[in-house]
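Notes follow the structure.
The values are calculated or read from the model by the stated rules, or taken from the named source; none is laboratory data. All of these numbers come straight from a predicted model, not from anything done at the bench. Virtual Cβ from ideal backbone geometry, glycine too; neighbours counted across all protein chains shown. Remember, those area values only see protein heavy atoms, side chains included, never the ligands or the DNA or RNA. Shrake-Rupley method; radii C 1.70, N 1.55, O 1.52, S 1.80 Å.
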Amino acid sequence: MKSITIKGSQRESVGKVSTKALRNAGKVPCVLYGGDKPLHFSADEISFRDLVYTPNAHTVVIELESGEKLSAVLQDIQFHPVTDKILHIDFYQLFEDKPVTMNIPVRLEGNSPGVRNGGRLLFRKRKLAIKALPDLLPDFITVDISKLRIGGTIAVETVLNDDYTILHPESTAIVQVKASRTSIDDELEDEDEETEEGAEVAAEGGAEGGEAPEAEATE
């Protein structure tokens, strides 16, 4: 998984006055949990642009002024209710030998025949909660919908992986195709395609001078 580097300044004071001063200076107060004790630091608000305002999942490398680098994942974020400015961010420290839980985006791949036939695509789970060691965290989970017909469902059980544990029941629907007023029957389309293919083969045989099969007489 890709990492984003955040350059932070460690701070001791966590009072309201110092926090307000940080925000007025365009910085975001942050806390890193998971270590021996919580680590308070701040970073420029613009530093979080590629971490917060994106559908992708990333880990973070917090680079302190002392030169210390700490790996982490975003755990919680607070926004101003009116301006949507970032007010506070909580991070959780990563360790190579300790699994971490993270929401990973789902990417759909292929073209669904059910959608081509007028069905409605319902994307039930755009992110899946997984648990894995930091080095095994995927950037995204791919779901192939190239065989998804009307009435069909792709569930969690189809994307299970030995590298991580998906924290949803295996029967949880990720994506579905439902019938609509304008949809047609997938099976009817298949029969039409087979009929067309048979007609093409017969036409080719006639063009080559072959004899057409005789029809059986019925009484």
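Table for the structure above
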| quantity | calculated |
| --- | --- |
| Qualifying lysines (Cα of each under 20 Å from Cα of residue 131; at least 8 residues distant if same chain) | 2, 98 |
| Prolate/oblate/rounded call for region 80-190, Cα gyration tensor, a/c under 1.5 rounded | oblate |
| Accessible surface of region 55-160 [probe 1.4 Å, protein heavy atoms]: carbon and sulfur percent | 46 percent |
| Sparse-neighbour loop sites [chymotrypsin sites (Phe, Trp or Tyr not before Pro); region 38-108; at most 10 other C-beta within 10 Å; DSSP] | 53 |
| More than 20 angstrom apart: percent of Cα pairs within region 79-139 | 57 percent |
| Partner lysines for residue 147 [C-alpha distance under 23 Å; skip if fewer than 8 residues away on the same chain] | 125, 127, 178 |
| Net length gained if the chain between residue 172 and residue 139 were fully extended (0.36 nm per residue, minus Cα distance) | 9.8 nm |
| Amide H within-cut-off set for residue 104, under 5 Å, with H built and near neighbours excluded | 128, 129, 130 |
| Label-point gap, in nm, between residue 11 and residue 123 - each point 7 angstrom along Cα→Cβ | 3.7 nm |
| Sparsely packed chymotrypsin sites (Phe, Trp or Tyr not before Pro) within region 103-176, loop by DSSP, other Cβ within 10 Å at most 14 | none |
| Cα gyration tensor shape of region 1-124, rounded if a/c is under 1.5, else prolate or oblate by comparing a/b with b/c | prolate |
